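The values are calculated or read from the model by the stated rules, or taken from the named source; none is laboratory data. Remember, it's a predicted structure, so these values are computed and weren't measured experimentally. No Cβ is skipped: glycine too gets one built from the backbone with ideal geometry, and neighbour counts run over all protein chains shown.
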Amino acid sequence: MTDPASLADRVRDGELGFHELEDHADADAAAAARRRLVEEQSGASLDAVGDYGFPATEAEANVENMVGAAQIPMGVAGPVTIDGAAADGEFYLPFATTEGALLASVNRGCSVIDRAGGATARVTKSGMTRAPVFRVADVAEAEATVEWVREHEARLAEAAESTTSHGELLDVTPYVVGNSVFLRFRYDTKDAMGMNMATIATREAAEVLERETTAELVALSGNLCTDKKPAAVNAVEGRGRSVTADVTLPRDVVEDRLHTTPEAIAEINTRKNHVGSAKAGSLGFNAQVANVVAAMFLATGQDAAQVVEGSNAITTAEVRSGDLYASVSLASLEVGTVGGGTRLPTQAEGSTCSASAAAATHRGRTPTPSPNASPSARSPASSPCSPRSDRATSPAPTRASGAEFTSGRTFTFTADVAHV
């Protein structure tokens, strides 16, 4: 009675619920039974969905009512040379995407960055946030609550940190709107992206606040965190890892490989990425960082919905002594090397396929990442580190005629010039 056909019969008869199958059979049999039921009801074939390459038990923490797996083509770009402070060397970059020409474009960008001697990247700020909202009677109570928080932050930290052996409360920033008090807790979550860690820790701290003040918790997330939504607070204050990177491309490299000039790229970056984005009211002043961030998030098991924040980037480009200087800054790149989807077999392989040690050894050195380095600085595939380039000017239109370099593990650099 635990084979897929029998399980499907028991669901049809009302003996079992669709979500209860794992309680009566192994995870693969449960998934097969659900496929049978869905195929019967919809008339669709799920043969490809059911042809996955890992035990279904390994996905139990990541999905409910599993029927199989959606397989996205994965490719690699590079290698590209990155000076990331805690880890440097040459890295392959994994991308899971259905967008044709993305990998070819990124690969070309890698070669241009390498011709320039590589890019430099740094994590400038780190901290996962959670911002509960509390109800108070009036602004006088709001002021009293904020004063208590400022005077007793150590007590809140003690409570929050009692829930985790890894997380550390860095600070609490209060915001008052009428009789609502928002407290933006910021944590060092080490190698984890840390959203769940921050949520559990903040719940414990909120209970202390409710005991000691008149404030009443309304929602553990008051949307000032801000998670998976475009938000100015993330652009200004950061969330996850704030990363920035730059590269100087010699004029001859720009002309030979990108078929344009530093002046043309600088102008189009200003007119398109800055002026155009400002006119549109955009929170991101870049061309399309989201393409690369999304592909690397899928390849390495990051939370795909956080592409919303991860692609919030500002690109700059200017001419320096005839060469092209370009930089990119991402305020809220939420990535981890442990937990969540990073445990899944294909994503775990994607996170480790950069082959940085072999490439660096070939060049006569072995990278030695700091054991305390943030994921963005340690693991080349833990966040999107991907140069992408298309031509700024060309004699005839092409599918992608912009110049965009994106790199995101430690940076995402976009100098788009004329994307069509």
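Points worth noting:
- Hey, residue 87 within 20 Å of residue 310 (Cβ to Cβ), of a type in the set (A, V, I, L, M) and at pLDDT below 95 or not: yes
- The set of residues in region 234-252 being crowded, with 20+ Cβ neighbours inside 10 Å and either out of contact with any Asp or Glu (no Cβ under 8 Å at 6 or more places or on another chain) or farther than 30 Å from residue 201 by Cα (or both) consists of 235, 238, 242, 243, 244, 245, 247, 249.
- Region 286-324: number of residues that are surrounded by fewer than 24 Cβ atoms within 10 Å (Cβ to Cβ), over 17 Å from residue 336 (Cβ atoms) and either modelled with pLDDT of 95 or more or outside the structural domain of residue 106 (by TED's automatic domain parsing) (or both): 8
- Boolean, residue 198 is in contact with a Cys (Cβ under 9 Å, 6 or more places away or on another chain), among the hydrophobic types (A, V, I, L, M, F, W, C) and within 20 Å of residue 167 (Cβ to Cβ): yes
- Considered as a group, the residues in region 95-104 that are in a loop (DSSP other than H, G, I, E, B) and of a type outside the set (Gly, Ala, Ser) include one that is farthest from residue 300 (Cα to Cα), and that residue is 99.
- Verdict on residue 244 being more than 30 Å from residue 71 (Cβ to Cβ), in contact (Cβ under 8 Å) with a residue 12 or more places away in the chain, touching a Leu at 6+ places or on another chain (Cβ under 8 Å) and of a type in the set (S, T, N, Q): yes
- Number of the condition not met by residue 224 [criteria: (1) closer than 27 Å to residue 121 by Cβ; (2) hydrophobic (A, V, I, L, M, F, W, C); (3) buried (at least 17 other Cβ atoms within 10 Å of the Cβ); (4) at pLDDT 95 or above]: (1)
- Criterion violated by residue 140 - all others in (1) assigned by TED's automatic domain parsing to the domain that holds residue 190; (2) more than 30 Å from residue 217 (Cα to Cα) satisfied: (2)
- Residue 176 meets the conditions (1) crowded, with 18+ Cβ neighbours inside 10 Å; (2) in a strand (DSSP E or B) in every case but one. The failed one is (1).
Every residue, every condition in (1) under 22 Å from residue 316 (Cβ atoms); (2) not assigned by TED's automatic domain parsing to the domain that holds residue 343, yes or no:
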| position | (1), (2) |
| --- | --- |
| 209 | no, yes |
| 235 | yes, yes |
| 257 | yes, no |
| 273 | yes, no |
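- Region 123-165, residues that are surrounded by 19 or more Cβ atoms within 10 Å (Cβ to Cβ) and under 23 Å from the mean Cα position of the chain (by Cα): 123, 126, 127, 128, 129, 130, 131, 132, 164
- Meets criteria (at pLDDT 90 or above and in contact with a strand residue (DSSP E or B) (Cβ under 6 Å, 6 or more places away or on another chain)) for residue 332: yes
- When residues of region 37-61 are limited to those that are more than 26 Å from residue 341 (Cβ to Cβ) and of a type in the set (D, E, K, R), the one nearest to the chain's Cα centre (by Cα): 39
- All positions within region 66-94 that are surrounded by 13 or more Cβ atoms within 10 Å (Cβ to Cβ) and assigned to a loop (DSSP other than H, G, I, E, B): 66, 67, 68, 69, 71, 72, 84, 85, 86, 87
Yes/no per residue for (1) in contact with a Leu (Cβ under 9 Å, 6 or more places away or on another chain); (2) of a type in the set (Phe, Trp, Tyr); (3) under 20 Å from residue 102 (Cα atoms):
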| site | (1), (2), (3) |
| --- | --- |
| 263 | yes, no, no |
| 280 | no, no, no |
| 290 | no, no, yes |
| 299 | yes, no, yes |
| 310 | yes, no, yes |
| 314 | yes, no, no |
